[in-house]
Every structure is written in structure tokens, then in C-alpha cells.
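Coordinate-derived values only; no laboratory data. It should be emphasised that the depicted structure is a prediction, and the values quoted were computed from it without experimental measurement. Methodologically, a virtual Cβ is constructed for each residue, glycine included, from the backbone with ideal geometry; neighbour enumeration extends over all protein chains shown.
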Amino acid sequence: MTDEAPPERDDRVESRRARLSVEVWEEAKERRELELSREDVERFVEKAPARYLLGFSTRRMTRHVAMWRDVSRYGGLAVHVSHLVREHTTRLTIVCPDRPGLLALLAGTLAANGLQILSAEGFSIEAAQGPSTASRPSELAREHDLIGLDSGRTDATSGRGRPVCHRRDGRPV
């Protein structure tokens, strides 16, 4: 048995990849605050795995391109929080370099802060370029908790009081 995808699957993905290069670029031009270049978009779409390309909206991808570009250039991590009022949930998007144990580290950090993970998706996309040696102070502050947990200096469950998450009906989790 081979790991190769059927030809129609490859065609579908490549067709989607070509359309997304245009669609994400059009969205990026409308969202000037993201300061994306066409090259940023094309590199991201070229490197993204098929499962990612087939599963996300153009709008969300555009945000992900900006986060990926920043992490590729400056290192550290990028975080975006969206409150989904109708679903009574919050979507947390984290873009950072992959490494062994990363998912466990992120899950432990969220649990230590009383957050429940209802679902998770992970994708690995190669960096656009190596991170520069310049680091932003805000990125260093965001990484502080993660580094403490990874090194064992911080206990993921210490200081955990009542959960701050609630069910859709308003009852505490």
C-alpha cells in the first residue's frame, strides 16, 4: 500500500491551493491592518498541508497568514482570541514553532489557567524564514508561562481554583 493520494485528490487540493492564493490575497488587501504582502500569502498557501487548506475559511486563513509571517520573522509565538457569542465559547489560535511536547505544554498551560479545551486542531507549516535575533518584549512575556511549565519551575495545576469556564446553560463546568 502506498501513501500517495489518489490523482483526483491531488487535483482537488492543487485547485484549492491556486484559488486560495487569489482569495486570501483579496481578503488581505481588504484587511490592511494585517499588512500582508502577496508573497506572504503565496508562501503560506504553498506550504500549508492539504487538510488545512480544505478546512478553513479565507477570512480565518488570512489571520493565520499574518500570525505565521510574524512568528517566522521574529520568533516567539502569536496569539489571537475570538469570542464566539452565539456558541458561548472562545476560540484561541496559537502559532509557534513546533517541538516535541508542544501540545501537552499548551494544554497544561490552559488547564493551569482554568480553561477547558472543547476541541483542538494542530497543523505544521514550515517557517517562511528563520527568526531574527530581535525579539519583542510582549512575546517574551507571553512565553514566560510556557517556559516555566516546560522547565518544571511551574506546576500546571498550582493555584487552580474554580474553573472559569461555563456550560452553554450558564452552569459552572
- For every other residue with a beta carbon closer than 14 angstrom to the beta carbon of residue 68, add +1 if it is Lys or Arg and -1 if Asp or Glu, then tell me the sum. -2
- Charge sum, other residues only, whose C-beta stays under 9 Å from residue 93's C-beta, Lys/Arg counted +1 and Asp/Glu -1: +3
- Sorted from fewest to most neighbouring beta carbons within 10 Å, what does the list 56, 44 look like? 56, 44
- HN-Hα couplings for the range 65-75 via Karplus (6.51, -1.76, 1.60; θ = phi - 60°), in whole Hz with x for Gly/Pro, come out as 4, 4, 5, 4, 4, 5, 5, 4, 7, 10, x
- Item | Residue-wise HN-Hα coupling along the range 78-89, computed from phi with Karplus coefficients 6.51, -1.76, 1.60 (Hz; x: Gly, Pro) | 10, 10, 9, 10, 10, 8, 9, 4, 4, 8, 6, 9
- Item | Ranking of 67, 61 by count of other Cβ atoms within 10 Å, fewest first | 67, 61
